[in-house]
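Step one of this worksheet: look at the structure below.
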Amino acid sequence: MASSFHTLSHLTTKTTPIRFSQINQSPLKNPLIYFPVKSSNFPLRFPAISISKSSLNFTPKSALMAKSEKDYSNVDVLDSEEQVAFELAKFSANLSDYFVNERGAFTVVVSGGSLIKSLRKLVEPPYVDSIDWTKWHVFWVDERVVPKDHPDSNYKLAYDGFLSKVPIPPGNVYAINDSLSAEGAADDYEAGLKQLVKTNILATSPTSGFPKFDVMLLGMGPDGHVASLFPGHPLLKESQRWVTSINDSPKPPPERITFTFPVINSSANIALVVCGSGKAAVVKTALSGDQSSDMLPVQMVSPEGELKWFLDKEAAAML
Ligand SMILES: O=C(O)[C@H](O)[C@@H](O)[C@H](O)[C@H](O)COP(=O)(O)O
């Protein structure tokens, strides 16, 4: 299998990831997306990872808990965004080793925004050399419906900052079909996910019936949005679709596709990566456990598996 792929560095253009419409047309033409997946291993839960603090200046969890009596056991507060990037790399590499070992594939969902920059330590030693990138399958939790070489494209953001630097087979990078409308691109992406479920690359949750990604690496907006699921938007209540479209995103550009909450919350692992003082108030609300008023989208993130927060001390300042 290892000899049958070519790496991203061999691509002649930036726009040659596999598109789901390609998968749908000829799923057997691309041997790269077939792995010896042991479906009996589903559902998988990664055991709790102990992440050591690499800085002495973070606020200890015990202090946070004493202050508010909340359980912050799944919250890592790091001294700086640089430390967040280190810990995120360690977390992702551990999960990669686990899932590759368990089932020969690792399904990773990324958001846009600052998250991609926070993945930069993964493309440096030791991780760039130790991770089995050939087993990675990369998806987007949301995407702006623009050409892949457009400055607003989450694909371009991830390609420039991450994907172009590691040997993930291009056939394992699932970009949207940018020639379609937002609605068409969402349908196409959902159909592609269903195809990957059939081939066992993508697990499904026996509880929810929705796809169960191994990990989602997500950012959060200063208004508490995740993916392209914005406060007060009717899409927060979507309960059937896996992927849907939005034409009135309050964060530009307005036309996007997004995973729905049932998919997000079927994940085996979710990392919420949040840095900067501009997000401190929402972090406080999100971790307060107060669900009395309208819930912010980030408060609706509640995966079947593990949820881990990676905060820098600015984002954690109000805890
Ligand atoms: O395409 C998008 O707009 C993103 O996927 C979005 O959900 C992002 O993750 C948050 O807005 C946080 O972005 P920042 O980390 O840049 O604030």
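The values are calculated or read from the model by the stated rules, or taken from the named source; none is laboratory data. Bear in mind the structure is a predicted one, so any value in this text is a computation, not a measurement. Note: ideal-geometry Cβ built from the backbone for every residue, glycine included; neighbour counts use all protein chains shown. For the accessible areas, the whole protein counts, side chains as well, though only heavy atoms, and no ligand, DNA or RNA atoms are used. Shrake-Rupley method; radii C 1.70, N 1.55, O 1.52, S 1.80 Å.
With respect to the stated conditions, Ser267 is touching an Asp or Glu at 6+ places or on another chain (Cβ under 8 Å) and open to solvent by less than 10 Å² (accessible area, probe 1.4 Å). Restricting attention to the stretch 74-119, the residues being away from the ligand (no atom under 13 Å from the Cβ), farther than 30 Å from Thr204 by Cβ and out of contact with any helix residue (DSSP H, G or I) (no Cβ under 6 Å at 6 or more places or on another chain) number 5. Of the numbered criteria (1) of a type outside the set (Lys, Arg); (2) within 30 Å of Val128 (Cβ to Cβ); (3) within 16 Å of the ligand (Cβ to nearest atom); (4) surrounded by fewer than 22 Cβ atoms within 10 Å (Cβ to Cβ), the one Val166 fails is (3).
Conditions tested, residue by residue: (1) assigned to a helix (DSSP H, G or I); (2) surrounded by fewer than 22 Cβ atoms within 10 Å (Cβ to Cβ); (3) at pLDDT 95 or above; (4) polar (S, T, N, Q).
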site: Leu88; (1), (2), (3), (4): yes, no, yes, no
site: Ala93; (1), (2), (3), (4): yes, yes, yes, no
site: Leu180; (1), (2), (3), (4): no, yes, yes, no
site: Tyr189; (1), (2), (3), (4): yes, no, yes, no
site: Lys194; (1), (2), (3), (4): yes, yes, yes, no
site: Val197; (1), (2), (3), (4): yes, yes, yes, no
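Residue count for the stretch 203-220 satisfying the condition of being more than 14 Å from the chain's Cα centre (by Cα) and either basic (Lys, Arg) or surrounded by 23 or more Cβ atoms within 10 Å (Cβ to Cβ) (or both): 2. Val298 fulfils the conditions (1) open to solvent by 10 Å² or more (accessible area, probe 1.4 Å); (2) under 28 Å from Leu202 (Cβ atoms) except for a single criterion, (1).
For the stretch 203-215, the count of residues that are at pLDDT 95 or above and either in a helix (DSSP H, G or I) or within 13 Å of the ligand (Cβ to nearest atom) (or both) is zero. From the list Pro222, Pro262, Pro250, which residue is at pLDDT 95 or above, more than 9 Å from the ligand (Cβ to nearest atom) and more than 26 Å from Asn94 (Cα to Cα)? When all the criteria are applied, what remains is Pro250.
Against the condition open to solvent by less than 50 Å² (accessible area, probe 1.4 Å) and either modelled with pLDDT of 95 or more or among the acidic types (Asp, Glu) (or both), how does Ser68 come out, does it pass? Taking the combined requirement at face value, the residue does not satisfy it.
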